[in-house]
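The values are calculated or read from the model by the stated rules, or taken from the named source; none is laboratory data. Treat the numbers as computed from the prediction; the structure is a model and nothing was measured. Backbone-built Cβ (ideal geometry, glycine too); neighbour counts: all protein chains shown. Ligands, DNA and RNA are stripped out before the accessible areas are found, and what is left, the full protein with its side chains, is counted by its heavy atoms. Shrake-Rupley method; radii C 1.70, N 1.55, O 1.52, S 1.80 Å.
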Amino acid sequence: MKDSDHGELTPDLLLHAYTSGIFPMSEHRDDPEIFWVEPRRRGVFPLDGFHISRSLARALRRDDYRIAINRDFAGTLDGCAAREETWISARIADLYMQLHDSGFAHSFEVWSPENRLIGGVYGVALGGAFFGESMFSRRRDASKIALAWLVAHLNRSGFRLFDTQFLTPHLATLGAQEISRAAYRAQLAEALAQAASFTAQPLPLSGHEVVQLNTQMS
(Lines give C-alpha, C1' and ligand atoms only; values in the text may rest on other atoms or scores of the structure.)
Protein backbone atom coordinates (compact mmCIF):
# COMPACT_ATOMS: atom_id res chain seq x y z
CA MET A 1 0.00 0.00 0.00
CA LYS A 2 1.47 3.34 -1.04
CA ASP A 3 1.67 6.12 1.53
CA SER A 4 0.13 8.51 -0.99
CA ASP A 5 -3.15 6.71 -0.30
CA HIS A 6 -3.14 8.02 3.28
CA GLY A 7 -1.54 11.45 3.12
CA GLU A 8 1.94 12.68 3.89
CA LEU A 9 4.28 10.37 5.77
CA THR A 10 5.74 12.03 8.88
CA PRO A 11 8.27 10.80 11.47
CA ASP A 12 5.46 10.41 14.01
CA LEU A 13 3.46 8.26 11.60
CA LEU A 14 6.57 6.21 10.91
CA LEU A 15 7.05 5.54 14.64
CA HIS A 16 3.39 4.52 14.92
CA ALA A 17 3.92 2.11 12.04
CA TYR A 18 6.75 0.40 13.91
CA THR A 19 4.54 -0.10 16.95
CA SER A 20 1.98 -1.74 14.62
CA GLY A 21 4.54 -4.14 13.13
CA ILE A 22 5.01 -2.50 9.73
CA PHE A 23 7.91 -0.64 8.13
CA PRO A 24 8.48 1.45 4.99
CA MET A 25 10.36 0.72 1.78
CA SER A 26 10.71 2.22 -1.68
CA GLU A 27 11.03 0.36 -4.97
CA HIS A 28 14.38 1.98 -5.79
CA ARG A 29 16.67 4.89 -4.98
CA ASP A 30 14.77 7.42 -7.10
CA ASP A 31 11.26 6.29 -6.20
CA PRO A 32 9.32 9.24 -4.69
CA GLU A 33 6.73 6.94 -3.14
CA ILE A 34 6.90 4.68 -0.08
CA PHE A 35 4.98 1.47 0.59
CA TRP A 36 4.33 -0.38 3.83
CA VAL A 37 5.57 -3.90 4.51
CA GLU A 38 4.44 -6.49 7.07
CA PRO A 39 6.07 -9.85 6.26
CA ARG A 40 4.13 -13.03 6.93
CA ARG A 41 7.38 -14.49 8.24
CA ARG A 42 9.52 -12.08 10.24
CA GLY A 43 13.27 -12.10 10.74
CA VAL A 44 14.48 -11.62 14.33
CA PHE A 45 17.74 -12.03 16.23
CA PRO A 46 17.13 -13.87 19.50
CA LEU A 47 19.27 -11.83 21.87
CA ASP A 48 20.36 -15.02 23.60
CA GLY A 49 21.21 -16.81 20.38
CA PHE A 50 23.84 -14.84 18.47
CA HIS A 51 26.30 -17.29 16.90
CA ILE A 52 29.99 -16.41 16.96
CA SER A 53 32.16 -18.65 14.80
CA ARG A 54 35.85 -19.14 15.55
CA SER A 55 36.83 -16.82 12.70
CA LEU A 56 34.45 -14.09 13.91
CA ALA A 57 35.74 -14.49 17.47
CA ARG A 58 39.28 -13.91 16.18
CA ALA A 59 38.13 -10.84 14.24
CA LEU A 60 36.36 -9.46 17.32
CA ARG A 61 39.46 -9.88 19.49
CA ARG A 62 41.71 -8.01 17.07
CA ASP A 63 42.72 -4.45 17.85
CA ASP A 64 42.26 -3.08 14.34
CA TYR A 65 38.86 -1.40 14.71
CA ARG A 66 36.86 0.87 17.00
CA ILE A 67 33.13 0.97 17.77
CA ALA A 68 31.01 4.11 18.07
CA ILE A 69 27.34 4.99 18.48
CA ASN A 70 25.83 7.89 16.48
CA ARG A 71 29.22 9.34 15.59
CA ASP A 72 28.22 9.56 11.92
CA PHE A 73 24.60 8.59 11.41
CA ALA A 74 24.42 10.24 7.98
CA GLY A 75 27.58 8.42 6.89
CA THR A 76 26.16 5.10 8.06
CA LEU A 77 22.91 5.76 6.22
CA ASP A 78 24.86 6.64 3.07
CA GLY A 79 26.96 3.49 3.43
CA CYS A 80 23.83 1.35 3.61
CA ALA A 81 22.37 3.04 0.53
CA ALA A 82 25.59 2.88 -1.52
CA ARG A 83 24.80 -0.23 -3.53
CA GLU A 84 23.58 -0.89 -7.06
CA GLU A 85 20.01 -1.55 -5.93
CA THR A 86 18.61 -0.05 -2.76
CA TRP A 87 15.22 0.59 -1.17
CA ILE A 88 16.65 3.62 0.68
CA SER A 89 15.35 6.53 -1.35
CA ALA A 90 16.13 10.18 -0.65
CA ARG A 91 12.72 10.54 0.99
CA ILE A 92 13.31 7.56 3.29
CA ALA A 93 16.80 8.83 4.17
CA ASP A 94 15.34 12.20 5.12
CA LEU A 95 12.74 10.57 7.38
CA TYR A 96 15.39 8.58 9.23
CA MET A 97 17.57 11.64 9.60
CA GLN A 98 14.60 13.33 11.28
CA LEU A 99 14.13 10.31 13.55
CA HIS A 100 17.82 10.45 14.41
CA ASP A 101 17.60 14.16 15.24
CA SER A 102 14.69 13.40 17.58
CA GLY A 103 16.56 10.57 19.33
CA PHE A 104 14.79 7.50 17.90
CA ALA A 105 17.10 6.36 15.09
CA HIS A 106 20.66 5.29 15.87
CA SER A 107 23.78 4.12 14.08
CA PHE A 108 26.17 1.50 15.42
CA GLU A 109 29.47 2.01 13.64
CA VAL A 110 32.81 0.29 13.00
CA TRP A 111 35.83 2.55 12.44
CA SER A 112 39.33 1.73 11.23
CA PRO A 113 42.48 2.87 13.10
CA GLU A 114 42.85 5.43 10.29
CA ASN A 115 39.52 6.97 11.36
CA ARG A 116 37.56 5.64 8.38
CA LEU A 117 33.99 4.38 8.65
CA ILE A 118 34.24 0.76 7.47
CA GLY A 119 30.91 -0.73 8.50
CA GLY A 120 27.80 -0.30 10.53
CA VAL A 121 24.10 -0.79 11.20
CA TYR A 122 21.29 1.70 11.65
CA GLY A 123 17.82 1.26 13.07
CA VAL A 124 15.08 2.57 15.33
CA ALA A 125 14.74 2.06 19.10
CA LEU A 126 11.32 2.11 20.77
CA GLY A 127 10.82 0.81 24.29
CA GLY A 128 12.69 -2.48 24.51
CA ALA A 129 12.60 -3.09 20.74
CA PHE A 130 15.33 -2.33 18.24
CA PHE A 131 14.28 -2.38 14.59
CA GLY A 132 17.34 -2.98 12.43
CA GLU A 133 16.97 -1.28 9.06
CA SER A 134 20.14 -1.90 7.10
CA MET A 135 23.87 -2.54 7.41
CA PHE A 136 26.97 -2.21 5.26
CA SER A 137 30.58 -3.32 5.20
CA ARG A 138 33.64 -1.83 3.52
CA ARG A 139 36.04 -4.33 5.06
CA ARG A 140 35.80 -8.06 5.58
CA ASP A 141 33.75 -8.98 8.67
CA ALA A 142 32.94 -5.34 9.51
CA SER A 143 29.16 -5.86 9.44
CA LYS A 144 29.50 -9.09 11.46
CA ILE A 145 31.60 -7.24 14.02
CA ALA A 146 28.97 -4.50 14.21
CA LEU A 147 26.18 -7.05 14.75
CA ALA A 148 28.08 -8.94 17.47
CA TRP A 149 28.77 -5.72 19.38
CA LEU A 150 25.21 -4.53 18.82
CA VAL A 151 23.65 -7.71 20.23
CA ALA A 152 25.88 -7.50 23.32
CA HIS A 153 24.98 -3.83 23.73
CA LEU A 154 21.24 -4.47 23.36
CA ASN A 155 21.42 -7.17 26.02
CA ARG A 156 23.26 -4.88 28.43
CA SER A 157 20.80 -2.07 27.73
CA GLY A 158 17.62 -4.01 28.54
CA PHE A 159 16.26 -4.63 25.04
CA ARG A 160 14.00 -7.62 24.44
CA LEU A 161 13.58 -7.68 20.65
CA PHE A 162 16.00 -7.25 17.74
CA ASP A 163 13.90 -7.11 14.58
CA THR A 164 15.77 -7.79 11.31
CA GLN A 165 12.59 -7.59 9.17
CA PHE A 166 13.62 -10.41 6.82
CA LEU A 167 15.78 -13.50 7.28
CA THR A 168 18.72 -13.69 4.88
CA PRO A 169 21.20 -16.57 4.55
CA HIS A 170 23.91 -14.26 5.95
CA LEU A 171 21.88 -13.40 9.06
CA ALA A 172 20.89 -17.05 9.53
CA THR A 173 24.54 -18.05 9.88
CA LEU A 174 24.75 -15.61 12.82
CA GLY A 175 21.72 -17.02 14.61
CA ALA A 176 18.82 -15.00 13.19
CA GLN A 177 15.51 -16.84 12.91
CA GLU A 178 12.20 -16.54 11.10
CA ILE A 179 8.98 -16.43 13.13
CA SER A 180 5.31 -16.10 12.26
CA ARG A 181 3.52 -12.77 12.13
CA ALA A 182 1.50 -13.68 15.21
CA ALA A 183 4.63 -14.65 17.17
CA TYR A 184 6.31 -11.42 16.11
CA ARG A 185 3.36 -9.29 17.23
CA ALA A 186 3.44 -10.98 20.63
CA GLN A 187 7.18 -10.36 21.03
CA LEU A 188 6.75 -6.78 19.82
CA ALA A 189 4.02 -6.01 22.36
CA GLU A 190 6.15 -7.42 25.17
CA ALA A 191 9.22 -5.47 24.06
CA LEU A 192 7.39 -2.16 23.65
CA ALA A 193 6.15 -2.46 27.24
CA GLN A 194 9.76 -2.52 28.49
CA ALA A 195 11.89 0.52 29.27
CA ALA A 196 15.31 0.53 27.59
CA SER A 197 17.76 3.15 26.37
CA PHE A 198 20.04 2.74 23.38
CA THR A 199 22.55 5.31 24.61
CA ALA A 200 22.42 5.17 28.43
CA GLN A 201 24.68 2.15 28.89
CA PRO A 202 28.40 2.24 28.00
CA LEU A 203 29.70 -0.01 25.26
CA PRO A 204 31.45 -3.27 26.17
CA LEU A 205 35.09 -2.69 27.00
CA SER A 206 36.59 -4.86 24.27
CA GLY A 207 35.98 -7.46 21.61
CA HIS A 208 37.01 -10.08 24.18
CA GLU A 209 34.08 -8.98 26.35
CA VAL A 210 31.71 -9.08 23.38
CA VAL A 211 32.66 -12.69 22.68
CA GLN A 212 32.22 -13.55 26.35
CA LEU A 213 28.86 -11.79 26.67
CA ASN A 214 27.38 -13.42 23.60
CA THR A 215 28.72 -16.82 24.60
CA GLN A 216 27.20 -16.51 28.07
CA MET A 217 23.79 -15.59 26.63
CA SER A 218 23.66 -18.44 24.11
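Things worth noting here:
- Taken together, the residues in the range 78-94 that are in a helix (DSSP H, G or I) and surrounded by fewer than 19 Cβ atoms within 10 Å (Cβ to Cβ) amount to 6.
- Within the range 17-42, residues that are free of Cβ contacts under 8 Å to residues at least 24 places away in the same chain sit with their Cβ atoms under 7 Å from residues that are part of a loop (DSSP other than H, G, I, E, B), at 6+ positions apart or across chains, in these pairs: Ile22/Glu38.
- Meets criteria (hydrophobic (A, V, I, L, M, F, W, C), open to solvent by 60 Å² or more (accessible area, probe 1.4 Å) and closer than 21 Å to Arg41 by Cβ) for Ala182: yes
- The one condition from (1) touching a Gly at 6+ places or on another chain (Cβ under 7 Å); (2) open to solvent by 10 Å² or more (accessible area, probe 1.4 Å); (3) among the polar types (S, T, N, Q) that Ser107 does not meet is (2).
- Listed conditions (1) within 24 Å of Phe198 (Cβ to Cβ); (2) among the hydrophobic types (A, V, I, L, M, F, W, C); (3) touching a residue at least 60 places away in the same chain (Cβ under 8 Å); (4) open to solvent by 20 Å² or more (accessible area, probe 1.4 Å) are all met by Met135, apart from (3).
- Of the listed requirements (1) within 23 Å of Met217 (Cα to Cα); (2) in a strand (DSSP E or B), Leu47 misses just one: (2).
- From the list Ala172, Ala186, the one residue that fits, being closer than 27 Å to Arg58 by Cα and modelled with pLDDT of 95 or more, is Ala172.
- Looking only at the range 188-211, and only at residues there that are surrounded by 14 or more Cβ atoms within 10 Å (Cβ to Cβ) and more than 10 Å from Ala129 (Cβ to Cβ), the one that is farthest from the chain's Cα centre (by Cα): Glu209
- Meets criteria (polar (S, T, N, Q) and modelled with pLDDT under 95) for Ser157: no
- Residue count for the range 50-71, restricted to those that are part of a loop (DSSP other than H, G, I, E, B) and more than 28 Å from Glu190 (Cα to Cα): 6
- Count of the range 26-66 residues, restricted to those that are open to solvent by 20 Å² or more (accessible area, probe 1.4 Å), over 18 Å from the mean Cα position of the chain (by Cα) and small (Gly, Ala, Ser), is 2.
- Checked against (1) within 24 Å of Ser26 (Cα to Cα); (2) open to solvent by 10 Å² or more (accessible area, probe 1.4 Å), Gly119 meets all criteria but (2).
- If you filter the range 156-179 down to residues that are open to solvent by 40 Å² or more (accessible area, probe 1.4 Å), touching a residue at least 12 places away in the same chain (Cβ under 8 Å) and in a helix (DSSP H, G or I), you find that the one that is farthest from Trp36 (Cα to Cα) is Arg156.
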